[in-house]
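Have a look at the structure below before the remarks.
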Amino acid sequence: MVVAIDGPSGSGKSSVSKEVARRFGLAYLDTGAMYRALTWWCLDRGVDLADADAVVEAARTFPLAQGTDPDRELVLVGGTDVAVEIRGARVTGAVSAVATNPAARAVLVARQQELIADSGRRIVAEGRDITTVVAPDADARILLTADERARMARRGLQNGGVEDAAQLRAEVVGRDAKDSTVVNFTEAADGVVTIDSSDLTVEQTVQAVLDAVLRAAGRTA
Ligand SMILES: Nc1ncnc2c1ncn2[C@@H]1O[C@H](COP(=O)(O)OP(=O)(O)O)[C@@H](O)[C@H]1O
Ligand SMILES: Nc1ccn([C@H]2C[C@H](O)[C@@H](COP(=O)(O)OP(=O)(O)O)O2)c(=O)n1
């Protein structure tokens, strides 16, 4: 059972995917963490993010160990635990430069597909292009959305309420605008179920995703 979930920043992908994985006893793949880890490595090594070839070379060679346990986040780069740092403002502000490099994407997509295969195809994978590129053959394919206001409010709370509206807008709406130049995560592809979480609680969103997965599994069983 492969569950593919895409959506914009702050739509609830990470929290909902983790919980769905726990309830079904599946592994969990956070592909955004992979883009963030590569960005951290490039910044750490002084790789110029505008140098497309250098970033691709970094994508091919960076020493990443990423776990898929929904209860234990593990992101090691060259043995350094970067799980906290990759969520910081420095990486968040730079990650779109890496994510909009098509050749670097191809390298990371191949790594993501390996992790899905390594799980025995028992995994919930989330990101921006899982339903369309990484796992278009997934058993259940979901686009999780929420309106801009909800997504900005959620990210603000998550970051401890320290950013002003302009900073939040740049982090959520600005980053989505850059990211969507290379991948479409605002419209559902054929066969992808859209779930709008704007007016749902986290638990209601989890339930809606569980229902969609069970319906999709029923169709393919
Ligand atoms: N209905 C909801 N569905 C999912 N997450 C929600 C919901 N309401 C509030 N949140 C909160 O929004 C925040 C952002 O969710 P997250 O899973 O990090 O989103 P994403 O991975 O899409 O960026 C989390 O703190 C989460 O608990
Ligand atoms: N499959 C993916 C996953 C993430 N990305 C990009 C887009 C985002 O700016 C970064 C980080 O993704 P992440 O899911 O961690 O971001 P949010 O938590 O939703 O804000 O990576 C991507 O292009 N493709």
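Quick one: would you say R45 is in contact with a Pro (Cβ under 6 Å, 6 or more places away or on another chain) and surrounded by fewer than 17 Cβ atoms within 10 Å (Cβ to Cβ)? So R45 does not fit the description; no. Take the stretch 175-221 and flag every residue that is without any contact (Cβ under 8 Å) to a residue 40 or more places away in the chain, in a loop (DSSP other than H, G, I, E, B) and of a type in the set (A, V, I, L, M). Matches in the stretch 175-221: L200, A221.
Inside the stretch 93-137, residues that are in contact with a strand residue (DSSP E or B) (Cβ under 9 Å, 6 or more places away or on another chain), more than 13 Å from ligand 2 (Cβ to nearest atom) and small (G, A, S) make up a count of 2.
Counting only helices (runs of 4 or more DSSP H) that fall entirely inside the stretch 1-95 and contain at least 1 residues that are of a type in the set (K, R), within 16 Å of ligand 1 (Cβ to nearest atom) and in contact with a Leu (Cβ under 6 Å, 6 or more places away or on another chain), the qualifying elements are 13-24. Being small (G, A, S), without any contact (Cβ under 8 Å) to a residue 40 or more places away in the chain, farther than 17 Å from A33 by Cβ and away from ligand 1 (no atom under 16 Å from the Cβ) is the requirement here; does G120 meet it? Judged against the criteria, G120 is a match. Screening the stretch 140-178 for residues that are among the β-branched types (V, I, T) and away from ligand 2 (no atom under 13 Å from the Cβ) and picking the one that is surrounded by the most Cβ atoms within 10 Å (Cβ to Cβ) gives I142. Yes or no: the stretch 66-87 includes at least one residue that is within 10 Å of ligand 2 (Cβ to nearest atom) and surrounded by fewer than 22 Cβ atoms within 10 Å (Cβ to Cβ). Yes - at least one qualifying residue is present in the stretch 66-87.
Considering the stretch 185-221, the residues that are loosely packed, with under 14 Cβ neighbours inside 10 Å and β-branched (V, I, T) include one that is farthest from the chain's Cα centre (by Cα), namely T220.
Taken together, the values in this text are just the output of simple stated rules run on the coordinates, not laboratory data. What you are looking at is a predicted structure, and each value in this text was computed from that prediction instead of being measured. Cβ coordinates were reconstructed from backbone atoms using ideal geometry, including for glycine residues, and neighbour counts include every protein chain displayed.
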